[in-house]
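Rule-based calculations on the coordinates, nothing more; no lab input. Every value quoted in this text rests on a predicted model; they were computed, and no experiment measured them. Cβ sites come from the backbone with ideal geometry, for glycine too, and all protein chains shown count toward neighbours.
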């Protein structure tokens with residue numbers, strides 16, 4: 001590593017003078033670390049922009065006063081521009097290649113390395129639906145921030161390339177990034193799984209009747225769907241319909257899922273006792 005290697009983010013954000021930017025461009029083809037880092041940053045900028053539904057804008061123009069264009073900001077504004085990006089006479093051709101085939105997703109993406117879960121509802125993706133005892137985050141905003149686990153973006157870019165919408169939504173939801181999750185759900189093809197995940201968002205927003213409206217058709221099609229039964233039980237409980245909620249939790253208990261069955265039976269018992 002040399003001094004140029006510390007300037008990647010400055011280059012991306014257009015904070016270098018033209019002479020320093022030119023020096024970095026000359027350094028780039030000779031440094032695998034910087035080349036790989038720039039490629040990853042471009043991929044992740046595009047992923048974030050697509051998830052937030054950013055539209056297409058004009059190509060970047062030269063920035064006055066001897067500074068280069070803020071490439072990172074330009075990519076965020078131009079989510080659907082096709083890579084490679086090229087700025088005439090200022091940026092060498094940089095191709096963002098297609099992602100590699102599906103590989104192992106780090107445990108942190110779906111919080112598989114956690115001993116408890118903060119989300120009470122159940123997501124459709126099996127990778128995000130492994131049972132752990134429910135332990136909601138306490139202590140307000142400061143406590144939530146202290147317990148926050150950083151979501152690595154590279155696996156998201158790989159899932160995006162594979163159009164693995166369920167995985168992306170699950171990762172965003174588990175990490176509390178609800179706006180991004182909703183943006184991805186908005187462009188995911190219609191399916192029972194999508195409606196289950198939409199019900200999780202509705203429950204988070206306190207829209208319990210909306211959650212029921214999403215889940216009832218799912219259960220008419222698949223009456224023993226454990227995620228839909230579980231989420232409907234939560235919605236019914238929050239709407240004060242304890243008998244119906246206990247019934248749904250008991251149906252989940254009867255499915256015999258490890259962990260989920262015991263928790264569902266305990267929740268049903270608590271609801272029956274509170275009547």
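Per-structure values
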item	result
Relative exposure of 169, 218, 105, judged by other C-beta atoms within 10 Å (fewest first)	105, 218, 169
Pair residue 257, residue 19: separation of 7 Å Cα→Cβ label points (nm)	6.3 nm
Normalised contact order of the range 177-275, rounded percent, pairs of Cα under 8 Å and 6 or more residues apart	18 percent
Kirkwood estimate for the range 165-213, i.e. one over the average of 1/r between Cα atoms, Å	10.6 Å
Relative contact order [Cα under 8 Å, 6+ residues apart], the range 107-273, whole percent	18 percent
When the convex hull of its Cα atoms is projected in every direction, mean area for the range 107-273 (nm²)	9.7 nm²
Pair-distance profile P(r), taking every C-alpha pair of the range 178-271, with 5 angstrom steps and integer %	3, 16, 24, 23, 20, 10, 5, 1
Part-to-part distance (alpha-carbon centres) for the range 196-275 and the range 175-191, which is given in Å	21 Å
